[in-house]
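I have placed the structure first, in the form of structure tokens, so that the comments after it can refer back to it.
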Amino acid sequence: PGDTSVLAGLYGPAEAKVSKELPDRAALEVLLRPKVGLPGVLERSREQLLRQTCEAVVLGVLHPRTAISLVLQVLSDAGSLLSCCLNAACMALLDAGLPLATLFCGVTCALQPDGTILLDPTAQQEQEARAILTFAIASSERKVLMATTKGSCSVEEMQQCLAAAQRAANTIFQFYRDSVRRRYSK
Amino acid sequence: RTVEPLEYYRRFLKENCRPDGRELGEFRTTTVNIGKCLCSITTADGSALVKLGNTTVICGVKAELAAPAVDSANKGYIVPNVELPSLCAERFRSGPPGEEAQAASQFIADVIENSQMIVKEDLCIANGKLAWVLYCDIICLDYDGNLLDASVFALLAALKNVQLPLVMINEETGLSEVNLKQKNPLIIRKHPVATSFAIFDDTLLIVDPTAEEEDLATGTVTIVTDEEGRLCSVHKPGGSPLTGAKLQDCITRAITRQKEVKKLIDKVIKSITPK
């Protein structure tokens, strides 16, 4: 959303290396490449978040002993990077035609110092915010698939952000539908 | 148990308990050793050993002097590093830190930052010239699940144990003088405590999972709270979806746990202070 853009490339299900293959399901790998510099500890933890989120939705048991690789390249970062990555990942999974249990979308909420909730903050707003919460919301029943917070907030504030994120998820899923429709209507 | 671990577990979960006899909401016995006398690291400025059942984590804090960064001249640094050496569990190979260790290091760094446990301005000695750098090395000695809880606990205990010598800058020479005889404890503002849950079959939540339970679980949630009941971090890396209500249950349990842990730390610190 906005100026943040992430390019996602999905490869798979493909032949997996013997050391990496799992006997009963597909092995998912996520690589996140920052715009500048080499991937560091921050990218690693984000990769882990993305990987476990994708593992929960991709029906890996249908493709045992294969490898699915997801490569994300950050083109520009103007705030809400993690949810942009989440959305890109989901669309890539959709585009590749992999069997998914549910769709998901990423929403970032910034909690301003005065208590107002801002959705999809820009880099400037993220800096000023007291806390930033990122959620991955599943399309079935709007359950929380992934949650991560930066900064501290009270429990009620978290619940409010979660509710706001769930509402925003509807808009994003509509966008998914429109994009897919456009792609396949040619 | 070896052939059908999931079925074995399901039978226990139906009765609302676990193979090691615990309730779903019960933690393993937590023991903590702080300080040079009880703990093994004598070269570190602060150290703590935490045992959460079988999971053993040791944390050593070393304080060094460095020049602060140009853009934040009044801030020191805290550098956490989590290591999972191959001796702690058979699935970790030796070599560069794996994804789990790096993700854990990032998590600890985030907790320190989010909870404002140590305010970086407190670590500054002279604006723009000298500041403390705290290297926190967290090493897992035995991995039986719930690494994040034990690491946060060990870090907190070790930091409470750190004594920083007084450093003065000699005006004429511009060099620093370290006064080893006068030591002040570190100012710790908040006491964050992590509580981890494992999700089974999209519905059941169990607290403090062992390594076996973590493998069988369909997802994990870690919640870090401080003493005011504020959420410092909610970490749910994927796994089965949870409703908001379930998340709320986890948070309430985490707040109770936070109070227990805080009492434990205070008790241990009081028992070693006279020395």
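The values are calculated or read from the model by the stated rules, or taken from the named source; none is laboratory data. A quick note: this is a predicted structure, and the numbers were derived from the prediction, not measured. Neighbour counts are summed over all protein chains in view; Cβ atoms, including those assigned to glycine, are modelled from backbone coordinates with ideal geometry.
Descriptive notes on the structure:
- On inspection, A:Leu145 does not qualify as assigned to a strand (DSSP E or B), of a type outside the set (Val, Ile, Thr) and either free of Cβ contacts under 8 Å to residues at least 60 places away in the same chain or farther than 22 Å from B:Leu242 by Cα (or both).
- Total residues in the stretch B:208-224, condition within 20 Å of the chain's Cα centre (by Cα), of a type in the set (S, T, N, Q) and in a loop (DSSP other than H, G, I, E, B): 1
- When the stretch B:179-198 is filtered for residues that are touching a strand residue (DSSP E or B) at 6+ places or on another chain (Cβ under 9 Å) and modelled with pLDDT under 80, the ones remaining, listed by number, are B:Asn179, B:Leu180, B:Lys181, B:Gln182, B:Lys183, B:Asn184, B:Pro185, B:Leu186.
- Residue in the stretch A:104-154 that is farthest from the chain's Cα centre (by Cα), counting only those that are within 8 Å of another protein chain (Cβ to nearest Cβ) and surrounded by fewer than 18 Cβ atoms within 10 Å (Cβ to Cβ): A:Ser154
- Of all residues in the stretch B:199-255, those satisfying the criterion of being among the basic types (Lys, Arg) and either more than 7 Å from every other protein chain (Cβ to nearest Cβ) or surrounded by fewer than 20 Cβ atoms within 10 Å (Cβ to Cβ) (or both) are B:Lys246, B:Arg253.
- Across the stretch B:42-50, not a single residue is classified as at pLDDT below 70, part of a loop (DSSP other than H, G, I, E, B) and within 24 Å of B:Ala194 (Cα to Cα).
- Residue in the stretch A:62-84 that is free of Cβ contacts under 8 Å to residues at least 12 places away in the same chain, more than 24 Å from B:Ile251 (Cβ to Cβ) and within 14 Å of another protein chain (Cβ to nearest Cβ) present: no
- Enumeration of residues in the stretch A:63-111 that are farther than 24 Å from A:Leu133 by Cβ and polar (S, T, N, Q): A:Thr66, A:Ser69, A:Gln73
- For the stretch B:227-259, the set of residues classified as closer than 12 Å to B:Pro192 by Cα and among the acidic types (Asp, Glu) consists of B:Glu227, B:Glu228, listed by residue number.
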